[in-house]
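What follows is a short report on a single structure.
The values are calculated or read from the model by the stated rules, or taken from the named source; none is laboratory data. Bear in mind the structure is a predicted one, so any value in this text is a computation, not a measurement. Cβ placement follows ideal geometry from the backbone for every residue including glycine, while neighbour counts extend to all protein chains displayed. Areas reflect the complete protein model, heavy atoms only, side chains present, ligands, DNA and RNA absent. Shrake-Rupley method; radii C 1.70, N 1.55, O 1.52, S 1.80 Å.
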Amino acid sequence: MHRSWEYYDEIASKYDYMYEEPYWVLYHMLLELLISDQRINGRILDLGTGTGRWAIDLAKKGMNVVAIDPSEKMLSVAKMKAHLNEVKIDFMKAKGEALPFEKDYFDAVLAMGDVISYCDSPMKLLSEVNRVLKPEGKLVATVDNAFAFLQDFVSNVESKNAEKFMRNKRVLIGDSSVSRIHFHTTPFFPDDIKVLLSKTGFKLIDIAGMVVFAPYDEEKLARNIDDALAWEYRFCREEQLFGRAEHLFFAAAKG
């Protein structure tokens, strides 16, 4: 079975172009607002930086950013983009389950792009994040939403797949149009997030559904994206709408 970084190594040169549709523009605009709400500052670890979207954004805002990823080719793209944006970021190849940093080193850790879902061991990764965070430091992350996968299985009347998913909480994913590689994700229900955080020394302080009013008419969305963003931000924290989102955002505090 392939690992997530093997998939991203293969699609690194295409990755940014795969997320230019209006839906993903809206997604990232909403995510920027939710990250901003956390008021993070200081020394930041961007865990699973990919092509460096958030590392570059935070560095532009004057933060001291360290960015890691297990995919060498994604890091190569990120370094090129950082150079073009004239920002200084310390990039290194590393995995979240074995962070090469001392205890209490970072003020905040970002884990965007569903890094926690894609890693080999969410428990080990979050334990490592807790170790390197300063007291009361923040973890800000997104994960795959289990409701979205269950909806897909049940709506297609795939009862066996739905039952298997509920037992294993693992799903094989990957875009066959860009890569032959597929890898496993671990989607989370909201309560799963709370339990995992509690077990690894965190306290949940915020949770939101990422794009709760989809599907959109893409052409209309492109013309009225600011209006859509206002409605998404207004209702993204309503728990009764979490089941509509493909991804969940959350923030947690150490200790």
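Among the residues of the range 1-39, those identified as touching a residue at least 40 places away in the same chain (Cβ under 8 Å), farther than 20 Å from residue 99 by Cα and in a loop (DSSP other than H, G, I, E, B) are 1, 2, 12, 13, 14, 21, 38.
Go through the range 34-66 and give me each residue that's hydrophobic (A, V, I, L, M, F, W, C) and either under 23 Å from residue 135 (Cβ atoms) or within 14 Å of the chain's Cα centre (by Cα) (or both). Scanning the range 34-66 gives 34, 35, 40, 44, 45, 47, 54, 55, 58, 63, 65, 66.
Against the numbered list (1) among the acidic types (Asp, Glu); (2) over 23 Å from residue 215 (Cα atoms); (3) modelled with pLDDT of 95 or more, residue 120 comes up short only at (3).
Filtered by the rule that a residue be in a loop (DSSP other than H, G, I, E, B) and surrounded by 15 or more Cβ atoms within 10 Å (Cβ to Cβ), the range 140-169 gives a lone residue, 169. Exactly one residue out of 73, 95 is charged (D, E, K, R) and touching a helix residue (DSSP H, G or I) at 6+ places or on another chain (Cβ under 7 Å): that is 73.
I need a count of the residues in the range 220-243 that are touching a residue at least 60 places away in the same chain (Cβ under 8 Å) and either surrounded by fewer than 18 Cβ atoms within 10 Å (Cβ to Cβ) or assigned to a helix (DSSP H, G or I) (or both). Lay out the reasoning, then the answer.
Our first condition is that a residue be touching a residue at least 60 places away in the same chain (Cβ under 8 Å); within the range 220-243, this holds for 221-222, 225, 228-229, 232-233, 236, 242-243.
Remaining after also requiring either surrounded by fewer than 18 Cβ atoms within 10 Å (Cβ to Cβ) or assigned to a helix (DSSP H, G or I) (or both): 221-222, 225, 228-229, 232-233, 242-243.
So the count comes out to 9.
Just to check your reading of the model, which residue among 137, 96 is outside any helix (DSSP H, G or I), open to solvent by less than 30 Å² (accessible area, probe 1.4 Å), closer than 18 Å to residue 64 by Cβ and small (Gly, Ala, Ser)?
Values: 96 fails: closer than 18 Å to residue 64 by Cβ.
After applying the criteria, what remains is 137.
I'd like the residue in the range 56-69 that is free of Cβ contacts under 8 Å to residues at least 40 places away in the same chain and hydrophobic (A, V, I, L, M, F, W, C) and, out of all such residues, is surrounded by the fewest Cβ atoms within 10 Å (Cβ to Cβ). Step by step, filter the range 56-69, then rank; the result is 63.
Quick one: how many residues across the range 70-87 are of a type in the set (Lys, Arg) and either under 19 Å from the mean Cα position of the chain (by Cα) or open to solvent by 100 Å² or more (accessible area, probe 1.4 Å) (or both)? Break it down stepwise before answering.
Filtering the range 70-87 for residues of a type in the set (Lys, Arg) gives 73, 79, 81.
Now drop any that are not either under 19 Å from the mean Cα position of the chain (by Cα) or open to solvent by 100 Å² or more (accessible area, probe 1.4 Å) (or both), which leaves 73, 79.
Final tally of qualifying residues: 2.
Of the residues making up the range 200-219, those that are assigned to a loop (DSSP other than H, G, I, E, B) and either in contact with a Ser or Thr (Cβ under 8 Å, 6 or more places away or on another chain) or farther than 20 Å from residue 20 by Cα (or both) number 2. Here residue 109 fits the description: touching a residue at least 40 places away in the same chain (Cβ under 8 Å), in a strand (DSSP E or B) and of a type in the set (Val, Ile, Thr).
So, in the range 173-199, of the ones that are under 29 Å from residue 238 (Cα atoms) and outside any helix (DSSP H, G or I), which residue ends up most open to solvent (accessible area, probe 1.4 Å)? Quick ask: steps written out before the conclusion?
We begin by selecting, within the range 173-199, every residue under 29 Å from residue 238 (Cα atoms); these are 173, 184-199.
Checking the rest, the ones that are also outside any helix (DSSP H, G or I) come to 173, 184-189.
Working: 173: 32, 184: 60, 185: 0, 186: 21, 187: 2, 188: 17, 189: 30 Å².
Restricting to residues being under 29 Å from residue 238 (Cα atoms) and outside any helix (DSSP H, G or I), the top hit is 184.
Condition check ((1) of a type outside the set (Lys, Arg); (2) over 14 Å from residue 48 (Cβ atoms); (3) in contact with a strand residue (DSSP E or B) (Cβ under 7 Å, 6 or more places away or on another chain); (4) modelled with pLDDT of 95 or more) across all residues:
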{"site": "96", "(1), (2), (3), (4)": "yes, no, yes, yes"}
{"site": "99", "(1), (2), (3), (4)": "yes, no, no, yes"}
{"site": "103", "(1), (2), (3), (4)": "no, yes, no, yes"}
{"site": "107", "(1), (2), (3), (4)": "yes, yes, yes, yes"}
{"site": "111", "(1), (2), (3), (4)": "yes, no, yes, yes"}
{"site": "116", "(1), (2), (3), (4)": "yes, no, yes, yes"}
{"site": "125", "(1), (2), (3), (4)": "yes, no, no, yes"}
{"site": "137", "(1), (2), (3), (4)": "yes, yes, yes, yes"}
{"site": "145", "(1), (2), (3), (4)": "yes, yes, yes, yes"}
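Among the residues of the range 10-54, those identified as surrounded by fewer than 18 Cβ atoms within 10 Å (Cβ to Cβ) and among the aliphatic types (A, V, I, L, M) are 18, 25, 29, 33.
Among the candidates 104, 144, 120, 114, which residue alone is of a type in the set (Asp, Glu), under 17 Å from the mean Cα position of the chain (by Cα) and on the phi > 0 side of the Ramachandran plot? Break it down stepwise before answering.
Values: 104 fails: under 17 Å from the mean Cα position of the chain (by Cα); 144 fails: on the phi > 0 side of the Ramachandran plot; 120 fails: on the phi > 0 side of the Ramachandran plot.
Going through 104, 144, 120, 114 in turn, the sole match is 114.
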